[in-house]
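Below is one structure; the comments refer to it alone.
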Amino acid sequence: MTWTLVVLPFAALLLGLPVFLALIISVLATIAFFMNMPGTMLHQTIFGSISSNTLLAIPFFIFAGELMGRGGISRRIIDWVLSLVGRTPGAVGLVAVGTSSIYGAISGSSPATVASVGRQIYPDMIRNGYGVPFSLGLINAGGAISIVIPPSINFILYGAVAEQSIVQLFTAGILPGLLLSVSLALAVIGYAMHKNIREGTAFSFSNVIHCTRRAFWSLLTPIIVLGSIYGGIVSPTEAGGIACVYALVVTVLIHRDLNLREVLDIAGNSALLTAQIMIIVAAAAVFSWILTVTGFQASLAGFVTHMELSPWMYLLAVNILLLIIGCFIDPTSAVLTLTPLLLPIAMHLGINPIHFGVIMTVNLSIGMYTPPFGLNLFVTQAVLNARTIDIYRGVAPFVVLQVLTLLVITYVPWFSTALLN
């Protein structure tokens, strides 16, 4: 049975098959050769897995993020952050980090953040002497934080699979997301001081007020969405619906950056992306179900227990595994397929499942810009017309920096659990 549950899906992925198809083939082979059950069980599990109120939040947040991303929000946020940092060493680099973090809280999409923010800030960074590799690396690393800072689609998926509170996961992601942003900001300041880069304009209250007025409606988005969730007013799914309506009002009626034709085009793209995620959700749910009914999960947990791994050793092994997998598989697929395997063992070892979800998400955020197949790398190449060698050279030091930050998040659970208390 091991060959159908382990060898077969990996072989299918190596052959270039989509993740959902690799999982379905593995399940069908297991049922055909080793189990005696009616085929209707497969259909019931597939449709039951996506018949979830929690998963409704995904199309809402995707649509809202696409609207805000196409609606000219990034330039307003960039100007606002620049007015705050003034002549701080590395001002333009700090704007890249700050804008990516704020934009991530609006869109929740790493590729969208890289594309939108990178297109605006990359020419400014080159003009101010940051160099091509460093600029490309910072834009990639900053965009990756988007899937850690709430509202994060990865947290929604993990919560659905692991049966954990989405609100608690959103809350747990705040401090780790800020820690990742701070580590990037310190790197920017150190680089700017080393290269003697001086840019930015003198701090002015009048300029801050002017830029705040321009960016007000954009900056209000995460406050409305997250405030309504944490205030207990709405559920994450209902907050996603609110985000859609608010994004429509801001981009179409207030800023007037989008017309009806563009909104319909964005809705179509959002529906396509939602379908791509949902088919992976369905396939991963079936795969998780087959792992449970065959006893594979229990056998794996018993094997790890027999090895007598301590919690810190297990977390180190998980980090290494996820960093490698993140180079080849997108975060959505990784969360859906690996959570049913890794989480039961973590809980058996006494690891907080909310903290474990943060660890998984931070790991996979690094994978978004880790060569050779990090999705952000391809977005950067397409949007900024950058050379592959320059992108690889640029992201390498940031991967090292964020891995060190990951170790802090992993072994200091306070960052994930402090706000939960």
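Read-outs: derived from the displayed coordinates by stated rules, not from any lab. Because the structure is a prediction, the values reported are computed rather than measured. Positions of Cβ are backbone-derived with ideal geometry, glycine not excepted, and every protein chain shown enters the neighbour counts.
Quick notes
- Whole-percent pair-distance distribution, where bins are 10 Å wide, for the alpha carbons of region 1-122: 12, 25, 20, 19, 15, 8, 2
- Largest first and in whole Å, the equivalent-ellipsoid semi-axes of region 37-420 read 35, 25, 18, each the square root of five times a Cα gyration tensor eigenvalue.
- An oblate overall shape is assigned to region 164-236, the ratio a/c of its alpha-carbon gyration tensor axes (a ≥ b ≥ c) being 1.5 or greater and a/b not exceeding b/c.
- Whole-Hz ³J(HN,Hα) from phi, Karplus 6.51 cos²θ - 1.76 cosθ + 1.60, for region 311-327, glycine and proline x: x, 5, 5, 5, 5, 5, 5, 5, 4, 4, 4, 5, 5, 6, 5, x, 6
- Gyration tensor (alpha-carbon) shape descriptor, region 263-392, a/c threshold 1.5: oblate
- Cα centroid separation - region 248-281 against region 3-36, whole Å: 34
- Degrees between helix 174-195 axis and first principal axis of the chain (Cα, 0 to 90, nearest 10): 50
- Contour minus Cα-Cα distance for residue 381 and residue 53 (0.36 nm per residue): 114.4 nm
- Stretch gain in nm, segment residue 348-residue 216, where the contour uses 0.36 nm per residue and the Cα spacing is subtracted: 42.9 nm
- Taken one residue at a time, the phi angles of region 144-151 give Karplus couplings (6.51, -1.76, 1.60, θ = phi - 60°) of 5, 5, 4, 8, 9, 6, x, x Hz. Gly and Pro are set to x.
- Distance between region 361-387 and region 159-200 - C-alpha centres, whole angstrom: 17
- Helix content alone sets the calculated 222 nm mean residue ellipticity of the chain: runs of n ≥ 4 DSSP H residues at -39500 (n - 2.57) each, divided across all residues, give -25000 deg cm²/dmol.
- Scattering profile of region 53-103 at q = 0.19, 0.23, 0.29 Å⁻¹ [log10 I(q)/I(0), Debye over alpha-carbon scatterers]: -0.66, -0.80, -1.02
- Degrees between helix 353-367 axis and first principal axis of the chain (Cα, 0 to 90, nearest 10): 60
- Low-density loop cleavage sites - chymotrypsin sites (Phe, Trp or Tyr not before Pro) in region 341-386, where at most 14 other Cβ are within 10 Å (DSSP): 373
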